[in-house]
Structures are given as structure tokens and as C-alpha cells.
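Reviewing the structure listed below.
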Amino acid sequence: MATASVAFKSREDHRKQIELEEARKAGLAPAEVDEDGKEINPHIPQYMSSAPWYLNAERPSLKHQRKWKSDPNYTKAWYDRGAKVYQADKYRKGACENCGAMTHDVKACMERPRKKGAKWTNMHIAPDEKIENFELDYDGKRDRWNGYDSTAYARVIDRYAARDDARRKYTKEQQLKKLEEKNNENDEDVGSEEEDDDDDLKVDEAKMDESKQMDFAKVEKRVRTTGGGSTGTVRNLRIREDTAKYLLNLDVNSSHYDPKTRSMREDPLPDSDPNEKFYGGDNQYRTSGQALEFKQLNIHAWEAYEKGQDIHMQAAPSQAELLYKNYKVIKEKLKSKTKDTIMEKYGNAAADEKLPQELLLGQTEREVEYDRAGRIIKGQEMLVPRSKYEEDVYINNHTTVWGSWWKDHQWGYKCCKQLIRNSYCTGTAGIEAAEAATDLMKANIARKEATEDNVTPVENKNLATWGSEVPEDLVLDPKKLTESLQKEDARRREERDERKRKYNVKWNDEVTAEDMEAYRMKRVHHDDPMKEFLN
């Protein structure tokens, strides 16, 4: 029930309001009236009938459910189809280069591409189209009948009306003709002629009403759709006078009928005359007409997919059909080419040309000898098999091919004895230069070996610990060496921990041979494999 703006009500007022609403729903009380004097349906829920608070509705109304703000710019006009505005006499800058109109460019031109556009010929300039812009609201943009011209359907009605008039006129003329023939005949045959005339008129009416009789099997039923279902027309193409296929042969051991799919694959009457047989099983449709061609198309698609081609019958049926057509054309060409090759080689026995005497008698003067395996021993020259690569092709002034020369496990050219492929041929001069370079290299190697035979002796130096040079007359005192080793250990401990260093440090610049030997002995080499085991 529509109510005004919500106000405070006592418990008694609220109870009375509920009773009034129940009485209105039951029809015992009159319905509520809005501002325009129209009754409001009491069964409308409150959340729909209650107006928002910001509208300040004083009386119950349903205006807030309607579109109460109208768009002043909205128009119901539509495009003026095919209208032209102005036709120029010469080409204008910025116009279409094909037709010369200013309202579009070359890409959007709908005219046939000219051999020479209007920009260059300056002739036959097309008129400018009428460009209109409409501001449509939400419903106007989605109105499928927007811009529909009802006069277009009037022409359809007129055409059918003219057909009906012609049919009635023809029927009336036939009736008048029959009546005139009836009056001209004798009175004795009046009764029989009346029956014949009635039969003829019935036949004519049947001929005239063939279009109406086409709907003999029209059935109105619910058709399930994605949108939830809609009432549609379904034509049953089977005439009801025909015998159902499961009644053609009532033998239990006859062909099986599946009631779920309504299919009977085998022939129910295999022994009957095929000329008088109306139904021969569902398999006859699978082995006739375009069914076999469609089956071959699927097989071709499967085989092509297995061989690596990107083809799928369900995903791209047009592509699969086109490839199958190309395959058949290529196959026919190959077949005819093979046939022509065989006929050129062996001849055509069906031709009218006279065959040679040697071929007819099956003998010739040429002697051919074979071995036990059927190979030719003599009598025919053996053909040298040719490879698929180009043979005897010389490049870069060479007279032999690459691979005609082999030296030191490398291929080369025999004409110039070069081992670099695609190099330019130098001929005899190149061979002589290569031999001279080889002789020079051998002489250098021999001279180097001769110089290496006279090797100067290397002096054996007495090396101290870790490779330092030590004089031959050097003598170390064992006690001083022990003290030097202890000093070196103390110095290393001070380096690791600077807290043990004293303030008053006395530095001695004198380094003895024992100190150097202790330093060399304590020094850690990073390349020493035993450095991890040193203390």
C-alpha cells in the first residue's frame, strides 16, 4: 500500500492501519487513491510503494516508481536514410579520394573503387551524405524497432491482398465458365454434370488453397531456449497417414527399433521389392547422398591432424572443407600426371595407333643377359644414379667441385688445392705459392729444432725455505734461530690482538739472517696445500 512520509504512530493507530490494509487486500474496503485519482493496488509491497523521504510526498502516490524526470534533448527522430546534402562540381581538399564526398574518407567509402579516383579525374563527384547525431536515452538505444517504417509492411499486406483478390477472381471466372457450359448441354445429363461440376470446383478449391494446406502438421508447443523458453512453431514433417517404421515388420526378430532416439538402422523389410519400398532403414541415409562425402571429410581431417597439420573439423569446419577440396584437386592432378607418364613410357593400348611389330610379337634383336637374381649382366648400360643435389656446378672460377681434393683430413678443391670452401680459385699459381709456403714452414721448424739442441745449462741455486735465495757461505746459529722463531710468534700474536701491545714500544731496525729465516719459515703461502694443518 502506498503511504505518505513516515510519521510517528501510536500502537492503536498502527493496529488500525494494519486492519485497514488487510481489509483492502480482502476487498472489504475501497483501495487507496493517489494524486491523480487512480487506485493503488493494495498488494504492492511497502518497500515499493513507500516514497523516499527526500521527495516529501504528502499523499500516497506511485510517481517515484515512474520516470518523473524527462530528458529535454531526447528525440524520437531517426536517420534520414539515403539523403544527400550537396553535390560539388570539382574535387575539394580533404574529400574522399575515390568518390569525392566530404563526409567520409577512402577507408570508409562504400562506392566501388574506381580505376582513377575523383581526386585525379575531377569528374563524377559523389554528393555528400546527410550526417545526423541523435541523443538517445537508455530505452532508445536498446529499442530494436527504433526507426522502423510501418509503411514498409503495408506493401507486404497489399501484395497478399492482391493475391487473394486474384484468387477469388479466378475462382469466380471458373464458376461462371462451368455454369455456361452447363446451360449449353442437354437436359438429360444435367444430374451427372452437376456432380462433375461439384467435383471440379472442389479440385480447383484444393488447388487454390494449397498454401493453407501446407500447415496440416503445424504444432504449437513450448520450445526450450537459453532465455528460459518461448512459444514457437514446430512443423511435423511426417504425414499422419504414413505407417510408422516400427509397424512395418512386427516380427520380434526383425530390425531393432530404439524408442528413445526413434532410430531403426537396419532394413525392416529386406526381402521386399526395392522399387516399392518407402523406408529402408536409417543406414541407407548414412551410405548415400552427402553422408559419405562428410565421412571422408572427417577421415581426411583426422589423418591430416595426425601428420602434423593444424586442422580440426569441429573448430574450423570451413578450413577443413577447403583443405579437403584442395587435396582432391591435387590428388586428381597427380593421378592424371602419373597416368600420362605411364602412357608416354609404355603407350596406350586402347589408342587407334598401330603398335610396332616387335611389341606385338614380344621379341627384339637386342640381347640382354640376366643373372639368377634378375639383375642385368650385359646388354644394357647401367644408369648412374643422380643425387638430389646440383652436380657439376662450378663457382668462383673453379674447374672442379668442392670435395674433389682431400688432404690432412680436410676437403678442398682439386684445381687449386685450397681447403677453404667458396674461396676464389687461384689456379697453378696458388698451388705453387702454397708449396713454397709449406717449404718455408718446414725450414723454419728445422732451424728451430737445431737451436733447441744447444740448451744452456741452468745454475742450481740453493734456495731457502719457500724459494728465497740464500748465499752459499751462510751459516745459521740454531739458538738464535730458535729465539727468532719465538719473537716471530710473539709479533704475530700482537698483530692478532692489539690489546697486548704496550705503550712504550722499542723498535729494532736490525734484521739478522736468523730473523729472515724465521720469517720465511712462519710465512703462510695461500698456494700451500698443507696450510690448514699449520699451527
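The values are calculated or read from the model by the stated rules, or taken from the named source; none is laboratory data. No experiment lies behind these values; they were computed from the predicted model shown. FYI the Cβ positions are ideal-geometry reconstructions off the backbone, even for glycines, and counts take in every protein chain you see. Just the protein is used for accessible areas: all its heavy atoms, side chains included, with ligands, DNA and RNA removed. Shrake-Rupley method; radii C 1.70, N 1.55, O 1.52, S 1.80 Å.
Can you pull out the chymotrypsin sites (Phe, Trp or Tyr not before Pro) in segment 246-302 that DSSP calls coil and that have at most 14 other Cβ atoms within 10 Å?
PHE278
Filter LYS90/LYS115; LYS307/LYS339; LYS295/LYS325; LYS345/LYS378 down to the pairs with a C-alpha to C-alpha distance above 20 Å, please.
Values: LYS90/LYS115 18 Å; LYS307/LYS339 27 Å; LYS295/LYS325 14 Å; LYS345/LYS378 22 Å.
Over 20 Å Cα-Cα: LYS307/LYS339; LYS345/LYS378.
I need the trypsin sites (Lys or Arg not before Pro) found in segment 130-178, filtered to DSSP loop residues with at most 15 other beta carbons within 10 Å of theirs.
Here the sparse-neighbourhood loop sites are LYS130, ARG142, ARG144.
Where a Cα-Cα gap under 20 Å defines reach, which lysines qualify for LYS522, not counting those fewer than 8 residues away within the same chain?
Answer for LYS522, where 20 Å is the Cα cut-off: LYS479, LYS480, LYS487, LYS531, listed by chain and number.
Taking the solvent-accessible surface of protein heavy atoms with a 1.4 Å probe, what is the per residue accessible area of segment 103-159 in Å²?
With the other protein chains kept in place, segment 103-159 gives 87 Å² per residue.
What are the lysines whose alpha-carbon lies under 29 Å from the alpha-carbon of LYS141, with same-chain residues fewer than 8 places away excluded?
Of all the lysines, those that pass the test against LYS141 - Cα under 29 Å, at least 8 places apart if same chain - are LYS63, LYS67, LYS69, LYS76, LYS84, LYS107, LYS130.
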